[in-house]
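Scroll down for the structure; my scribbles are underneath it.
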Amino acid sequence: MELTITKNATCTFCGCVCDDIELHSDAERIVETKRACILGESWFRNHTAERLYPDALIDGKPATVDEAVEAAAEYLYNAHLPLVYGLSNVTCETQREAVALTEMIGGVVDSHTSL
Amino acid sequence: MGGKVTCTLGEVKNRADLIVYWGGNPAECHPRHFTKYTLTQKGKFIPKGRKDRTMILVDIRETPSAKAADIFLQVRPNKDFEMLSILRALIKGQRVHAERVAETGLTLEQLTDFAERMKKARFGVLFFGMGLSMTRGKHMNSAALLSLAAELNAFTKFVAMPMRGHGNVTGGDVIMRWTTGYPFGVNLSRGYPRFNPGEFSTVDLLLRGDNDAALILGADPGATMPQPAIDHLARIPTIVLDPKVTHTSRLSRVHITTAATGISAPGTVYRMDEIPLPLRPPLKSPYPTDEEVVRRIYKAVAKKPMWLPPEEPAAKG
Ligand code: SF4
């Protein structure tokens, strides 16, 4: 199968955020990385586009994303002081949405920085 | 970080002739830091690359990064603050007590040489890692190091930069600063932002049992936090967004699988020097992105009645 080559890809594994990586991938996985270090290489190879996990889980049982979104909204809405935590391995666009959500549900938003 | 004397990694590459790493092990934790930004690259004002630069490593043990260093200074554990204070005195030509110097595990000659090298550098940089900021003294250590960098500017150009870890933690600080005015641990429960580390930081909140629901994204606290904090996450309804079913997912009520950032999810992330970089994901995920899921949760909550109590009618008369 023809491999797709992605030039100047960005590695997010460590704070160096190297943006000069070349990736060779098929439809499901990255098969070759150039210029990434060992940590970056295993990061890229570790994630695939396969469907390895259920779309969502509610109480450990497979559910649809719609159901899970509704359940999440219900829990967060009913909480007095919900916590929104993490924000490390997500994009800035996601972080912005997370702050907006926290404001609406009246919670605390926090990241690894506080540890 | 307000008032921090810092720069970009591009400036380090093009200008820095003295590079100090303090309490960090880039050889193992940031493997391309030396080769891409700091040590080995040739820069505009560093024509000979590595030969034009001096690297000093300060740490409590000899890590693999010591091999790359010209000078390795082994400070006694938990004496970073003392060592920084002595250096701040030495650069100003003040006398220091012999027993204070002895406490650090280093000699006066070593510390004087270090201070002189910093003063004589054309462009110096202090990179500091968790070995400084997460050990005894914590943010006081970081503050002492940032003060040292600021004070060195009376003699030469000197900057400081934290060696940030995983992924987009830097972006988290930047985005929270931009949207709320504070970098982390922001409490919005009164409808306006309040910041008080130790009170509104996650571990403290969870240990006190203050939260009655949690949304975890881009992190796996179930693998990293103190056990009592994890126990509280298991007690309350926890929701996890993650590309994998994580430790935290296993103790959560709701898990939603999302596309992996930079692999199959596009967007922007910040480098440790606060430079935003676009992602170029090579794969297409069968799962939605975190951004999309958070937005969908937002919309689902927005459909419900407002949580604020109705306004009290104004007193007549
Ligand atoms: S390639 Fe290596 S050094 Fe660069 S961001 Fe990825 S993990 Fe960090």
Exercise for the section: Pick out the one residue from B:GLY129, B:GLY93 that is farther than 26 Å from B:LYS13 by Cα and small (Gly, Ala, Ser). Expected result: B:GLY93
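From A:THR10, A:THR33, A:THR48, which residue is open to solvent by 10 Å² or more (accessible area, probe 1.4 Å), in contact with an Asp or Glu (Cβ under 6 Å, 6 or more places away or on another chain) and within 9 Å of the ligand (Cβ to nearest atom)? Quick ask: steps written out before the conclusion?
Details: A:THR10 fails: open to solvent by 10 Å² or more (accessible area, probe 1.4 Å); A:THR48 fails: within 9 Å of the ligand (Cβ to nearest atom).
Of the residues listed, the single one that is open to solvent by 10 Å² or more (accessible area, probe 1.4 Å), in contact with an Asp or Glu (Cβ under 6 Å, 6 or more places away or on another chain) and within 9 Å of the ligand (Cβ to nearest atom) is A:THR33.
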Problem - Unmet requirement for B:LEU217, which otherwise passes all of (1) at the interface with chain A (Cβ under 7 Å from one of its Cβ atoms); (2) of a type outside the set (D, E, K, R); (3) touching a Phe, Trp or Tyr at 6+ places or on another chain (Cβ under 7 Å) - result: (3)
Practice task
Inspect the range A:82-93 for any residue being open to solvent by 40 Å² or more (accessible area, probe 1.4 Å), more than 7 Å from every other protein chain (Cβ to nearest Cβ) and free of Cβ contacts under 8 Å to residues at least 24 places away in the same chain and give the result as yes or no.
Solution key: no
Exercise for the section: Considering only the range B:156-199, state which residues are more than 18 Å from the chain's Cα centre (by Cα) and either in contact (Cβ under 8 Å) with a residue 40 or more places away in the chain or not in a helix (DSSP H, G or I) (or both). Expected result: B:THR156, B:LYS157, B:PHE158, B:ASN187, B:LEU188, B:SER189, B:ARG190, B:GLY191, B:TYR192, B:PRO193, B:ARG194, B:GLU199
Exercise for the section: Return yes or no: is A:LEU3 touching a residue at least 24 places away in the same chain (Cβ under 8 Å), within 11 Å of the ligand (Cβ to nearest atom) and over 17 Å from the mean Cα position of the chain (by Cα)? Expected result: no
Exercise for the section: Go through (1) more than 7 Å from chain A (Cβ to nearest Cβ); (2) crowded, with 18+ Cβ neighbours inside 10 Å and name the single condition B:PHE195 misses. Expected result: (2)
Practice task
Check the range B:228-237 and report whether any residue there is facing chain A (nearest Cβ under 7 Å) and closer than 28 Å to B:LEU206 by Cβ.
Solution key: yes
Exercise for the section: Please work out if A:GLY40 is under 17 Å from the mean Cα position of the chain (by Cα) and in the same structural domain as A:VAL17 (by TED's automatic domain parsing). Expected result: yes
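Starting from residues that are in a strand (DSSP E or B) and of a type in the set (Val, Ile, Thr), keep the ones in the range A:5-22 and report whichever is nearest to the other protein chains (Cβ to nearest Cβ). Spell out the reasoning first.
If we filter the range A:5-22 for residues that are in a strand (DSSP E or B), which is where we start, we get A:5-9, A:21-22.
Cutting the leftovers down to of a type in the set (Val, Ile, Thr) gives us A:5-6, A:21.
Numbers: A:ILE5: 9, A:THR6: 4, A:ILE21: 9 Å.
Result: A:THR6.
The values are calculated or read from the model by the stated rules, or taken from the named source; none is laboratory data. In this text the structure is predicted, and so the values were computed from the model without any measurement. No Cβ is skipped: glycine too gets one built from the backbone with ideal geometry, and neighbour counts run over all protein chains shown. Just so you know, the surface numbers come from the protein's heavy atoms only, side chains and all, with ligands and any DNA or RNA stripped out. Shrake-Rupley method; radii C 1.70, N 1.55, O 1.52, S 1.80 Å.
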